Amino acid sequence: KVVTTFTRGDPIWEQQRHRARTDLFWLAGVVLGYGDKVHMLPRVHGVLCRVLDRTLGIAEIDEMPYRKIMLPRGVGKTTLGQAYIIQRVIRDPNVAILLASERLQLATDILRAIKGEFLYNQWLRELFPEIIPQTDRETIWSEDRIEVLRTTPRKDPTIACAGSTAAITGIRPDLVLCDDLFSKEAMENALSGNSDLTGKINRWIAELRPLMNAWAQPFPEITFLGTPWYAGDPYEYVETAFGYHEPPRTWMISQKLAAGQTQLLPIHRIGDLVVFKRPILENGTSIWPENPALTDTELAKFRLSNPSLFAANMMLEPSDELTATFKEG
């Protein structure tokens with residue numbers, strides 16, 4: 001049972017501050033309450049959290065500046081990406097983060113949820129009172145950017161939002177988190193022969209590197225969270241932009257589960273890019289059958305109704321078959 005009563009400055013308070021900064025699964029599941037809202041499970045979300053907060057204990061992975069995390073739809077990647085942004089802010093209130101989605105509105109929706117945690121989550125506010133404003137009038141607190149209380153002045157906001165085809169000026173972020181840069185609508189445009197948006201997103205991705213704050217500590221970081229749609233989409237381009245056509249190197253990530261089993265999941269490094277992909281089926285069964293939308297029965301229905309889209313969105317293996325399906329349609 002987690003102790004929720006403490007006094008600022010006492011050992012429990014210090015212990016929980018440290019754990020929130022270093023254990024994303026605990027911060028997200030307990031302090032932010034996503035354990036109940038998202039029904040987080042170590043078997044499903046444990047390794048994902050360690051990839052996000054760079055606590056795998058493998059220097060060749062943890063110390064890489066770029067990451068591509070591909071997950072099936074409905075597994076909670078956006079929620080945990082949101083929690084990671086909060087963790088980065090409580091680690092260092094002087095950080096500057098760019099939160100990007102294909103449409104600006106998607107990014108501002110995530111920022112609204114983050115603002116809600118800072119304003120109304122009493123546990124979080126008690127743990128980090130020195131950085132969280134008492135009201136939204138105490139600092140910059142608009143729809144598309146916020147600034148927490150800092151220890152040093154900086155012109156860049158703590159978190160700013162952007163769309164993935166918009167020009168970004170006047171900000172040098174330490175961290176860019178890109179969530180769902182490519183939507184179903186963009187996919188349909190691309191597969192019907194209009195690749196303008198795909199090209200714009202690819203160029204936007206290529207322009208991220210010179211945008212970054214070169215002096216960020218420990219290094220400038222770009223993280224891509226998403227679900228693939230078809231072969232050759234912008235998520236595939238990420239490997240070209242940051243992998244330098246190098247062959248992948250693979251590690252197996254080990255995690256002990258409560259039932260005593262050891263879970264092993266692969267993670268890859270290509271150039272300066274870490275790639276973590278986890279399809280919805282492992283050994284023929286759902287990785288998260290507790291989710292009513294992701295039971296074996298529901299997944300079988302999805303596969304039968306649209307096998308090509310199931311392969312892309314759920315098994316993370318897009319192929320040219322989906323392109324052919326759309327062209328025929």
Considering only Gln122, Ser286, Leu52, whose Cα is most displaced toward the positive end of the charge dipole of the chain, charges sitting on Cβ of Lys, Arg (+1) and Asp, Glu (-1)? Gln122
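Using alpha-carbon pairs under 8 Å, 6+ residues apart, how would you state the relative contact order of the chain in percent?
Values: 523 pairs, mean separation 64.6, N = 329.
For the chain, the relative contact order is 20 percent.
How large, in percent, is the carbon and sulfur part of the accessible surface of the chain at a probe radius of 1.4 Å?
Details: 7940 of 15050 Å².
Here carbon and sulfur together make up 53 percent of the probe-accessible area.
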Averaging 1/r across every pair of distinct alpha carbons in the chain and inverting yields a Kirkwood hydrodynamic radius, in angstrom, of 20.8
Does anyone have the angle between helix 104-120 and the longest principal axis of the chain? Alpha-carbon axes, 0 to 90°, nearest 10? 30
Just to be sure I understand the curve: with the Debye formula and one point per C-alpha of region 118-261, what is log10 I(q)/I(0) at q = 0.11, 0.13, 0.15 Å⁻¹? -0.63, -0.82, -0.98
State log₁₀ I(q)/I(0) for region 23-95 at q = 0.21, 0.28 Å⁻¹ as given by the Debye formula over alpha-carbon point scatterers of equal weight, solvent excluded. -0.95, -1.43
Does anyone have the angle between helix 77-91 and the longest principal axis of the chain? Alpha-carbon axes, 0 to 90°, nearest 10? 30
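Just order 247-260, 105-118 by mean Cβ neighbour count inside 10 Å, highest at the front, would you?
105-118, 247-260
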If I model a spin label as a point 7 Å beyond the Cα along the Cα-Cβ vector, how far apart are those points for Met252 and Arg150 in nm? 4.6
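Two decimals, Cα atoms only, Kirkwood Rh: what is Rg/Rh over region 1-134?
0.95
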Theoretical ellipticity at 222 nm over the chain - DSSP helices of four or more residues, -39500 (n - 2.57) apiece, nearest 500: -10500 deg cm²/dmol
Mind checking the dipole of region 13-170: about its Cα centre, +1 per Lys or Arg Cβ, -1 per Asp or Glu Cβ, Debye to the nearest 20? 280
Rounded to the nearest 0.05, what FRET efficiency do Glu317 and Arg17 give with R0 = 41 Å and r taken as the Cβ-Cβ distance? Could you check? 0.50
Using a ≥ b ≥ c from the Cα gyration tensor of region 184-270 (square roots of the eigenvalues), is it rounded, prolate or oblate, where a/c under 1.5 gives rounded and otherwise the larger of a/b and b/c decides, a/b for prolate? oblate
Which residues qualify? For Ser286, with a placed amide H closer than 5 Å and at least 5 residues away or on another chain, they are Asp296
Along the charge dipole of the chain, pointing to its positive end and built from +1/-1 on Cβ of Lys, Arg, Asp and Glu, which listed residue (Ala259, Ser308, Pro210) has its Cα farthest out? Ala259
To the nearest 20 debye, what is the magnitude of the charge dipole of region 1-85 about its Cα centre, counting +1 on the Cβ of each Lys and Arg and -1 on the Cβ of each Asp and Glu? 300
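Taking the solvent-accessible surface of protein heavy atoms with a 1.4 Å probe, what is the per residue accessible area of the chain in Å²? Numbers along the way, then the final one.
Values: 15050 Å² over 329 residues.
Each residue of the chain exposes 46 Å² on average to a 1.4 Å probe.
What share of the DSSP beta bridges in the chain is antiparallel, in percent to the nearest 5? Let's see the in-between values first.
On the way: 16 of 40 bridges.
Just about 40 percent of them are antiparallel.
Given a Förster distance of 25 angstrom, what is the FRET efficiency for Thr262 paired with Lys37, based on the Cβ-Cβ distance and rounded to 0.05? Please report the intermediate quantities before stating the final value.
Working: r = 28 Å, r/R0 = 1.13.
Computed FRET efficiency for Thr262 and Lys37: 0.30.
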³J(HN,Hα), Karplus 6.51/-1.76/1.60, whole Hz, each residue of region 260-270, x for Gly, Pro: x, 6, 10, 8, 10, 10, x, 9, 10, 10, 10
Cut-off 20 Å, label 7 Å out along Cα→Cβ of Glu207, residues of region 236-251 by amide N: 236-242
Please state the charge dipole magnitude for the chain, taken about the Cα centre, from unit charges on C-beta atoms (+1 on K and R, -1 on D and E), reported in debye and rounded to the nearest 20. 640
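The values are calculated or read from the model by the stated rules, or taken from the named source; none is laboratory data. Please read these numbers as outputs of a predicted model, since none were measured by experiment. Every residue, glycine as well, gets a Cβ built from its backbone with ideal geometry; the counts of neighbours run over all protein chains shown. Surface accessibility is based on the protein's heavy atoms, side chains included, excluding ligands, DNA and RNA. Shrake-Rupley method; radii C 1.70, N 1.55, O 1.52, S 1.80 Å.
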